[in-house]
Amino acid sequence: MIEHLSLPAPLEVPDRATVLRRATSDDLGAIVRLLADDPVSAGRGDTAATDDVGAYASALDEVIRDPGNDLLVAVDADGSVVATLQLTRIPGMARRGSTRLLVEAVRVASSRRSLGIGGALMRWVVDRAAPELGASLVQLTSDAARVDAHRFYRRLGFVDSHVGFKYRLPTAD
């Protein structure tokens, strides 16, 4: 949990009372459903009907306990978790010792997309979270297959300035 982050926080979503708060273990099922609701994530094995809830529970616990990370959920007025994202604060040497705020695993429920929730989340990250955490740069990665997401981030002012690489390690099956 990133301690210096002012939460819960209202999100500016048109015509909807939506609050951003830290995820708890009670949110595990809703977060897994948001991951599974995404075709790219589902293609990598994230499914709502998984037998391996323990892996998700362990990961959530680790993120919650890590002082450089936060897992957040957006909750509608009816109490439904409608979105999630993970923030990681990265102090660094590059850019004259700049701190970066990494945004990952942004998901909005498919039934709630195009209602302003994603934009409100990202505006909160840029306008509130980054300054509160002393970050001078907000960065994110997005799977190359997410062309709609890329347009969305560009509309918000993000620039696709770098090429990312991954190296998948063999699993310990």
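The values are calculated or read from the model by the stated rules, or taken from the named source; none is laboratory data. Source: prediction; values computed, not measured. As a convention, Cβ positions derive from the backbone with ideal geometry for all residues, glycine included, and neighbour counts pool all protein chains shown.
Let's see how each residue does on (1) crowded, with 16+ Cβ neighbours inside 10 Å; (2) not β-branched (Val, Ile, Thr):
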{"position": "Ala109", "(1), (2)": "yes, yes"}
{"position": "Ile117", "(1), (2)": "yes, no"}
{"position": "Ala149", "(1), (2)": "yes, yes"}
{"position": "Val159", "(1), (2)": "no, no"}
{"position": "Leu169", "(1), (2)": "no, yes"}
| Residues satisfying the stated conditions in segment 88-100, i.e. touching a Gly at 6+ places or on another chain (Cβ under 9 Å), in contact (Cβ under 8 Å) with a residue 12 or more places away in the chain and either crowded, with 21+ Cβ neighbours inside 10 Å or not hydroxyl-bearing (Ser, Thr, Tyr) (or both) | Arg89, Ile90, Arg100
| message | Need the failing condition index for Ala17 against (1) over 22 Å from Tyr153 (Cα atoms); (2) not in a strand (DSSP E or B), just the number. | response | (2)
| message | Of the residues Thr84, Thr88, only one is touching a helix residue (DSSP H, G or I) at 6+ places or on another chain (Cβ under 7 Å) and modelled with pLDDT of 95 or more; which? | response | Thr84
| request: Quick one: Val19 ticks every box in (1) touching an Asp or Glu at 6+ places or on another chain (Cβ under 6 Å); (2) under 25 Å from Glu132 (Cβ atoms) except a single one, so which number is it? | output: (1)
| said: Test of understanding: among Ala77, Ala49, Ala42, which residue is modelled with pLDDT of 85 or more and either among the acidic types (Asp, Glu) or at negative phi (or both)? | reply: Ala77
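For (1) surrounded by fewer than 21 Cβ atoms within 10 Å (Cβ to Cβ); (2) without any contact (Cβ under 8 Å) to a residue 40 or more places away in the chain; (3) within 28 Å of Arg16 (Cα to Cα), each residue gets a yes or a no:
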residue	(1), (2), (3)
Val53	yes, yes, no
Ala77	yes, no, yes
Val82	no, no, yes
Glu104	yes, yes, yes
